[in-house]
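Scroll down for the structure; my scribbles are underneath it.
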Amino acid sequence: MHLPPRASGVLARPPVRRAGTAGLRRSAQLLAAFRVEQTDPARFYRVLARDSVRMIGEHGSLAGRTVLDVGAGPVQFAEAFATAGARYVALDADPSELRSKPAVAARGERLPVADGSVDALTVTYLLRYVADPGATVRELARVVRPGGVVSSLEFAVPEHPLWHPAWVFYTRTLLPLLGLVAGGPEWWRVGRFLGPSISEHYRRYPVDWHVRAWEEAGLVDVHVRRMSLGGGLVMWARRADV
């Protein structure tokens, strides 16, 4: 796959970010967006797209940078990154989800992208769906140039003794019911699948494993931030300099 030429220079070294007022505000914004996913999908995806741009943009200007979005889809993401001045490339395993150009249909486990050819990579909700998460992390890191940024957003399992049982109740009971009301049997099945899927993934691959996998893939300055009372996991790092 041929990507646009990269801009000169490097993105800034990722600063340490701590959960606080900004993190709670971000969690509230994302929660509000999910409430309109069925009734106003354009608004829903605009919020998620702007959040992705904000997360990558925390590490430096995106103007002229090539950003590969693994697991991309709705055109709102392309619009948000274009507004930030980035050269945005969408990649998704489902060709029907790709509505922007340039775009490529491929799986995250095997990217048709040259080594070190993108300035930044963002990935969302991927590792629970691949057979070999460690190999997939190495593949994601492979295509990012030295000094480039990798960011990830995943669901997570709250560890706090108060929030964990509440999360279990929500994902096993309320979420399927809300899905049934909002979207019928199909969304009920999605709701039934999501909680057990998340729990099983972190039973096999705890957060500490994720950090080690990133480091073993050649990523440094790996940072972790829990969001939504522990129900979300944001990670970011940079590719080690050669």
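Consider the range 217-242. How many of its residues are surrounded by 17 or more Cβ atoms within 10 Å (Cβ to Cβ) and without any contact (Cβ under 8 Å) to a residue 40 or more places away in the chain?
2
Consider the range 67-101. How many of its residues are touching a residue at least 40 places away in the same chain (Cβ under 8 Å) and either more than 16 Å from Met55 (Cβ to Cβ) or assigned to a loop (DSSP other than H, G, I, E, B) (or both)?
First, the residues of the range 67-101 that are touching a residue at least 40 places away in the same chain (Cβ under 8 Å): 67-71, 87, 89.
Narrowing further to those that are either more than 16 Å from Met55 (Cβ to Cβ) or assigned to a loop (DSSP other than H, G, I, E, B) (or both): 71, 87, 89.
Number of matching residues: 3.
Hey, does the range 44-58 have a residue that's at pLDDT below 65, not in a helix (DSSP H, G or I) and not basic (Lys, Arg)? Before you say what the answer is, go through the steps one by one.
Here is the first cut: in the range 44-58, the residues at pLDDT below 65 are none.
The answer is no, given that none of the residues of the range 44-58 is at pLDDT below 65, not in a helix (DSSP H, G or I) and not basic (Lys, Arg).
Do we have Asp40 as out of contact with any Lys or Arg (no Cβ under 9 Å at 6 or more places or on another chain) and either within 17 Å of Val150 (Cα to Cα) or modelled with pLDDT of 70 or more (or both) here?
So Asp40 fails the test.
Here are some residues: Trp236, Trp209, Trp163, Trp188. Which one is of a type outside the set (Ser, Thr, Tyr) and touching a strand residue (DSSP E or B) at 6+ places or on another chain (Cβ under 8 Å)? Please lay out each step first, then the result.
Working: Trp209 fails: touching a strand residue (DSSP E or B) at 6+ places or on another chain (Cβ under 8 Å); Trp163 fails: touching a strand residue (DSSP E or B) at 6+ places or on another chain (Cβ under 8 Å); Trp188 fails: touching a strand residue (DSSP E or B) at 6+ places or on another chain (Cβ under 8 Å).
After applying the criteria, what remains is Trp236.
In the range 107-125, what residues are under 23 Å from Pro146 (Cα atoms), within 17 Å of the chain's Cα centre (by Cα), touching a residue at least 40 places away in the same chain (Cβ under 8 Å) and not in a strand (DSSP E or B)?
Leu111 - this is the single residue of the range 107-125 that is under 23 Å from Pro146 (Cα atoms), within 17 Å of the chain's Cα centre (by Cα), touching a residue at least 40 places away in the same chain (Cβ under 8 Å) and not in a strand (DSSP E or B).
Does the range 97-129 hold any residues that are exposed (fewer than 15 other Cβ atoms within 10 Å of the Cβ), out of contact with any strand residue (DSSP E or B) (no Cβ under 9 Å at 6 or more places or on another chain) and not hydrophobic (A, V, I, L, M, F, W, C), and which are they?
Hit for the range 97-129 is Arg110, nothing else.
Which of the residues that make up the range 193-242 are assigned to a loop (DSSP other than H, G, I, E, B) and either farther than 15 Å from Gly134 by Cα or touching a Phe, Trp or Tyr at 6+ places or on another chain (Cβ under 6 Å) (or both)?
Start the filter on the range 193-242 by keeping residues that are assigned to a loop (DSSP other than H, G, I, E, B), which leaves 205-206, 217-218, 231, 240-242.
If the condition is that a residue be assigned to a loop (DSSP other than H, G, I, E, B) and either farther than 15 Å from Gly134 by Cα or touching a Phe, Trp or Tyr at 6+ places or on another chain (Cβ under 6 Å) (or both), then Gly231, Ala240, Asp241, Val242 are the ones that fit.
Quick check on this structure: which one of Glu200, Glu186 is modelled with pLDDT of 90 or more, of a type in the set (Asp, Glu) and at negative phi? Even if it seems obvious, please write down each step before you answer.
Working: Glu186 fails: modelled with pLDDT of 90 or more.
After applying the criteria, what remains is Glu200.
Tell me which of these Trp214 doesn't satisfy, since it passes every other one: (1) modelled with pLDDT of 95 or more; (2) aromatic (Phe, Trp, Tyr); (3) buried (at least 16 other Cβ atoms within 10 Å of the Cβ); (4) over 23 Å from Gly60 (Cβ atoms).
(4)
Residue by residue, here is whether (1) surrounded by fewer than 18 Cβ atoms within 10 Å (Cβ to Cβ); (2) among the basic types (Lys, Arg) holds:
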position: Thr136; (1), (2): no, no
position: Arg142; (1), (2): yes, yes
position: Gly148; (1), (2): no, no
position: Glu154; (1), (2): no, no
position: Thr173; (1), (2): yes, no
position: Leu178; (1), (2): yes, no
position: Trp187; (1), (2): no, no
position: Pro196; (1), (2): yes, no
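The values are calculated or read from the model by the stated rules, or taken from the named source; none is laboratory data. The structure displayed is predicted, hence computed values, not measured ones. Every residue, glycine among them, receives a Cβ derived from its backbone with ideal geometry; neighbour counts consider all protein chains shown.
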